[in-house]
Amino acid sequence: MPSLKLRRIDRTDPKSAKQMADLRKIIATSGDVVTSKSRDLTKKVFGSALTPDKVVERIIADVVAKGMPAVVKYTELLDHVKMTADKIRVPVEQLKKSHEKADKDFLESVRNLRQNILSYQLGVLHTDAVMTVSGSHELQMRYRPVPRVGVCVPGGSAVYPSVLLMTVVPAQAAGVPEIVVMAPPTATGADNADLQAVCYELGIRELYRVGGAQGVAALAHGVDGIKKVDMIVGPGNQFVALAKKQVYGKVAIDCISGPTEILILADDSARSEFVAADMIAQAEHAPGVCILVTWGETLADAVTEALNRQLAKHPRAAAARESLERYGAIIKVAKLDDAVDLANSLAPEHLHVQTRDPEAISDRVEFAGAIFLGHFTPVALGDYGAGPSHVLPTGATARFSSGLTANDFLRRTSLLAFTQRGLRTIADDVNRLANKEGLTGHSHSVTLRVNDTPTPRPPKKTNKSDTILKARR
């Protein structure tokens, strides 16, 4: 097997600026983080090498205009599955059957991991808040769950029941009443028995055999056979991430969670075998962005050698090798400060700090989806069930967005209730600003009430049943 051709960048060399610019362009959310197979398919389906952005734009427009027939068409063209509208939804009986046949130890692990995730998500869940000023006013922050959520589960290069745990369980912790799942109609997607079994275990009864941009469009706009959702969550390839980005505003989304990323900060205390294994673990998603940043003298060469050794024995070596060579890099910096600056600039999905004092470094990192500290905290723990969701922002969007939590499924509503006395205490300040803006109607609506002399009203009659009803509410 030939040696890995991994990109090497030496940041102490002034000429490295162009190399870094090229790398940033490749891994950006608007970049081209797709496999060579996907690029070839784009040319075949659309007749030219369209960018992922243009592909997604065309698919969404088609689904909006034509509905389910467009969903069926793109499923056949892109997933190579002959589909009819009546076959899009997986019957509940099939979900139940897969659950009954599933490996019992597998389901037990699902239950254990579900409990880890649920405990964490309930622990961070927002609760209603009330602030009361006696005799003046009461302010509330009320949280209610999003009514209907669509979950995207990838189904290309691997099976991902873990995605169900990391999306469905936080939504359930928030109390979302309707959760539906979409996954490609493949052996690693909606047709996979283990995925179906986990859906049933988690209480999911709507599983649709559709993926990609056409699936996102169907969830966002609604088509015959697929009811519109209010929010779309979950990771996916570049096309799914861009589709979520384009339908935002029609529905809510979690974050731009496209092709996976890992950025490793490592000094000479890091074990090269560990670092290589962590890079391959992300690369095997195919595609996956894998970057090592080190200021150690010998680590770069040691990791390269370890990558070659491990790839020689890896079952998914071909896919991992393509990711590493196309989207991977080993970056040498002069000192720790430069590594921290680079981490904040790249704002990675996963940041793994493998150094002598990882906690001290993590305090200086402002932008990352999730941070993994120390030599014995592999990203795989976060992927499968430590507690936080593995749905995280990619493509440097961690600079302004965060990973999925139960709170993302909650809508906030503020409630205000003033007495006339409370109104009078704030009226002068409100009126000054309203008049400064020229909005005299606002001022009048306040002044009218301040000067009002309430008409005495007889006390409201209540009976015992009324009191009981209010107490129940």
Check: Magnitude of the Cβ-charge dipole of the chain, K/R +1 and D/E -1, about the Cα centre, nearest 20 debye?
Finding: 1960 debye
Check: If you stretched the chain out fully between residue 105 and residue 50, how much longer would it get, using 0.36 nm times the residue separation minus the C-alpha to C-alpha distance?
Finding: 15.3 nm
Next item on the list: Report, to the nearest 10°, how far helix 440-450 tilts away from the longest principal axis of the Cα atoms in the chain, using its own Cα long axis and a range of 0 to 90°.
Entry: 50 degrees
Notebook entry, point to check: residue 82: which aspartates and glutamates have alpha carbons under 16 Å from its alpha carbon, excluding same-chain residues fewer than 8 sequence positions away?
Noted result: 191
Item checked: Rounded tilt (10° steps) of 336-346 against the dominant C-alpha axis of the chain -> 60 degrees
Check: Straight-line reach from residue 43: which aspartates and glutamates have a Cα under 15 Å away, not including same-chain ones fewer than 8 places off?
Finding: 32, 53, 79
Notebook entry, point to check: Please identify the trypsin sites (Lys or Arg not before Pro) of the range 388-453 that satisfy two criteria: DSSP loop assignment and at most 15 other Cβ atoms within 10 Å. Which are they?
Noted result: none
Check: Could you give the angle, 0 to 90 degrees to the nearest 10, between helix 317-327's Cα long axis and the longest principal axis of the Cα atoms of the chain?
Finding: 70 degrees
Item checked: Listed candidates (1) 26.1, 84; (2) 26.6, 92; (3) 22.5, 67 - label of the one calculated as Rg and Dmax of the Cα atoms in Å -> (2)
Check: How do 165, 219 rank when sorted from fewest to most other Cβ atoms within 10 Å of their own Cβ?
Finding: 165, 219
Notebook entry, point to check: Want the number for residue 36 to residue 139: 0.36 nm per residue separation, take away the alpha-carbon distance, what's left?
Noted result: 31.5 nm
Notebook entry, point to check: Based on the Cβ-Cβ distance of residue 96 and residue 313, what FRET efficiency does E = 1/(1 + (r/R0)^6) give at R0 = 41 Å, to the nearest 0.05?
Noted result: 0.55
Next item on the list: Using Cα pairs closer than 8 Å and at least 6 residues apart in sequence, work out the relative contact order for the range 179-236, in percent.
Entry: 31 percent
Check: When 355, 186, 51, 167 are ordered from fewest to most other Cβ atoms inside 10 Å of their Cβ, what list results?
Finding: 51, 186, 355, 167
Notebook entry, point to check: So for 100, 273, fewest C-beta neighbours within 10 Å to most, what's the order?
Noted result: 100, 273
Margin query: Under 8 Å for C-alpha pairs, at least 6 residues apart: give me the relative contact order for the chain, rounded to a whole percent.
Written below: 19 percent
Next item on the list: Report the full-extension gain for the segment residue 449 to residue 426: residue separation times 0.36 nm, less the Cα-Cα distance, to one decimal in nm.
Entry: 7.1 nm
Notebook entry, point to check: Leaving out same-chain residues fewer than 8 places away, which lysines sit with a Cα under 25 Å from that of residue 101?
Noted result: 87
Check: Which entries in 54/245; 25/250; 37/227; 44/250 show an alpha-carbon gap greater than 20 Å?
Finding: 25/250; 37/227; 44/250
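Taken together, the values in this text are just the output of simple stated rules run on the coordinates, not laboratory data. What you are looking at is a predicted structure, and each value in this text was computed from that prediction instead of being measured. A quick note on method: Cβ atoms are made from the backbone with ideal geometry, for glycine too, and the neighbour counts reach across all protein chains shown.
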